[in-house]
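The values are calculated or read from the model by the stated rules, or taken from the named source; none is laboratory data. Note that the coordinates shown come from a computational prediction; the quantities given were computed from them, not determined experimentally. Methodologically, a virtual Cβ is constructed for each residue, glycine included, from the backbone with ideal geometry; neighbour enumeration extends over all protein chains shown. These accessible areas exclude ligands, DNA and RNA; they are computed on the full protein's heavy atoms, side chains included. Shrake-Rupley method; radii C 1.70, N 1.55, O 1.52, S 1.80 Å.
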Amino acid sequence: MKVLVCGGAGYIGSNMTALLAREGHEPIVFDNLSKGHRAAVPEAEFVQGDFGDLDFTVETLKKYDIEAVMHFAAFIEVGESVAEPLRYYENNVSKTRTLLEAMGKAGVDKFVFSSTAAVYGMPETFPITEDLVKAPINPYGETKWAVERMLHFLSESEQVRYAALRYFNACGAGSNGTRGEDHRPESHLIPLIIQAAMGKRDNIKIFGTDYPTDDGTCVRDYIHIEDLCKAHLLALKKLDAERELYYNLGNGKGYSVRQVIDTVKRVSGKDFTVVETDRRPGDPPVLTADASKAHKELGWTTDFPELEPIVESAWKFHTDNPNGYAD
Ligand code: UFG
């Protein structure tokens, strides 16, 4: 299938592009390179452009006879979204609306959307099932939920067939440790701890030690990037028969910030300074997934159910590429 991978030069998009190619599909990377790296997708067909540009997006969809769109080109930082909500609404909602309009004009109706656990806000029961109330507590989660609602109404009027995949904490490196996280600036826990282990930063800060969890630090459900990408392929296939799909994607097992730090220490064999600081605004104490719906309906299985091999893959990427991608 010819798939436009919007945001295909980013962390998740580049891993998806590699998997699509390995599975015999034809990915076309569509990216404005504001965050992504051309070097992350060296072999892929590449179009530099912006999904907020209606005419160019229609032209690209038509030129490559695109049959489905996978959309990874969102802003993803919770803290930044709290500080600059309008940027998040513009990029994540307004421009996604334009992308969907472009698909309509080009006659493309299959859409796989990167959603997030942040749509649930501060849930009171764990693990989280898809039917729980959606009550985002930050603009990032709210913008993702706004797009899910837009997709729901478009699917009801038969203008789109979509799968919304609610990621928990994507991490690790795919393609044998060659495609990893390279956000600039970095804000995600595992790469930051690895930077501390590599001596690239003085310490790792724990944001909050007074949460109502076993060791007082936040608990997250870490899911390997390739397991995440596998679910996209299964969802895309299921869109042949279905119009509206939504799934949690996580391992169902939570690790605290302290446990993640200990795992990086074990994998790297390095010691480094850990500093306990205040909570970061917008962080829920616990986010763990009940992904049984994806297992049952998609036949999804994970190859990395434990944290340590996930961290090993990330450690390989960062030590092989100490300065990130070349561009
Ligand atoms: N953390 C620290 N120190 C740091 C960085 C992070 O203690 O230097 C903590 C955070 O407070 C949080 C945990 O580590 O408790 C994980 O933080 P990340 O920033 O790595 O990830 P988030 O859980 O905030 O968010 C991630 C993605 C979102 C997605 C969410 C879904 O960035 O896009 O997972 O669970 F919505």
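Whole-Hz Karplus ³J(HN,Hα) for segment 221-238, in order, using 6.51 cos²θ - 1.76 cosθ + 1.60 and θ = phi - 60°, x for Gly and Pro?
10, 8, 10, 5, 3, 6, 5, 4, 5, 4, 5, 5, 5, 5, 5, 4, 4, 5
If I model a spin label as a point 7 Å beyond the Cα along the Cα-Cβ vector, how far apart are those points for residue 55 and residue 273 in nm?
The modelled label-to-label distance comes out at 5.6 nm.
Around residue 166, which amide H atoms from residues at least 5 apart in sequence, or from another chain, sit under 5 Å from its own amide H, with H modelled in the peptide plane?
Under 5 Å from the amide H of residue 166: 115, 247, 248, 249.
Out of residues 5 or more away from residue 223 or on other chains, whose amide H comes under 5 Å of its own, with H placed 1.01 Å from N in the peptide plane?
Amide H neighbours of residue 223, under 5 Å, 5+ apart: 169, 170, 171.
Given a cut-off of 22 Å, name the pairs among 62/230; 2/35; 63/110; 110/134 whose C-alpha atoms lie farther apart than that in the structure shown. Please report the intermediate quantities before stating the final value.
Values: 62/230 27 Å; 2/35 24 Å; 63/110 17 Å; 110/134 24 Å.
Going by Cα-Cα distance, 62/230; 2/35; 110/134 fall outside the 22 Å limit.
What list of ³J(HN,Hα) values in whole Hz, one per residue of segment 53-62 in order, does the Karplus curve 6.51 cos²θ - 1.76 cosθ + 1.60 (θ = phi - 60°) give from phi, with Gly and Pro shown as x?
9, 4, 5, 5, 5, 4, 4, 5, 4, 6
Averaged per residue, what accessible surface does segment 172-211 expose to a 1.4 Å probe, in Å²?
Working: 1670 Å² over 40 residues.
Each residue of segment 172-211 exposes 42 Å² on average to a 1.4 Å probe.
Setting aside same-chain residues fewer than 8 positions from residue 238, which aspartates and glutamates have a Cα under 12 Å from its Cα?
Of all the aspartates and glutamates, those that pass the test against residue 238 - Cα under 12 Å, at least 8 places apart if same chain - are 297.
What distance in nm separates the two pseudo spin-label positions at residue 23 and residue 2, each 7 Å out from Cα along the beta-carbon direction?
The answer from the label model is 2.0 nm.
Let me know the shape class of segment 174-327, please: from the alpha-carbon gyration tensor, a ≥ b ≥ c as square roots of the eigenvalues, rounded when a/c is under 1.5, otherwise prolate if a/b is greater than b/c, or oblate.
Numbers: a/c = 2.22, a/b = 1.43, b/c = 1.55.
Here segment 174-327 falls in the oblate category.
With every protein chain in place, what's the accessible area of residue 315 (1.4 Å probe, Å², nearest 10)?
50 Å²
In units of 2.2 N^0.38 Å, what is the alpha-carbon radius of gyration of segment 1-139?
Values: Rg = 15.8 Å, N = 139, 2.2 N^0.38 = 14.3 Å.
Cα Rg divided by the expected 2.2 N^0.38 Å: 1.10.
Could you list which residues have their amide H under 5 Å from that of residue 110, counting only those 5 or more apart in sequence or on another chain, with H placed in the peptide plane?
Sorted by chain and number, the residues that satisfy this are 69, 161.
Take residue 242, project a point 7 Å from its Cα along the Cβ direction, then tell me which residues of segment 288-319 have their backbone nitrogen under 12 Å from it.
Counting backbone N atoms under 12 Å from the label point, the list is 292-300.
Using θ = phi - 60° and the Karplus form 6.51 cos²θ - 1.76 cosθ + 1.60, what ³J(HN,Hα) does each residue of segment 40-48 get, whole Hz, x for Gly and Pro?
7, 9, x, 8, 7, 4, 10, 10, 8
Once you have the Cα-Cα distance between residue 33 and residue 105, take 0.36 nm times their residue separation minus that, and quote the gain in nm to one decimal.
On the way: separation 72, 0.36 × 72 = 25.92 nm, distance 2.47 nm.
Computed gain between residue 33 and residue 105 is 23.5 nm.
Would you mind telling me the share, in percent, of accessible area of the chain contributed by carbon and sulfur at probe 1.4 angstrom? Let's see the in-between values first.
Values: 6670 of 13820 Å².
Within the chain, the accessible surface is 48 percent carbon and sulfur.
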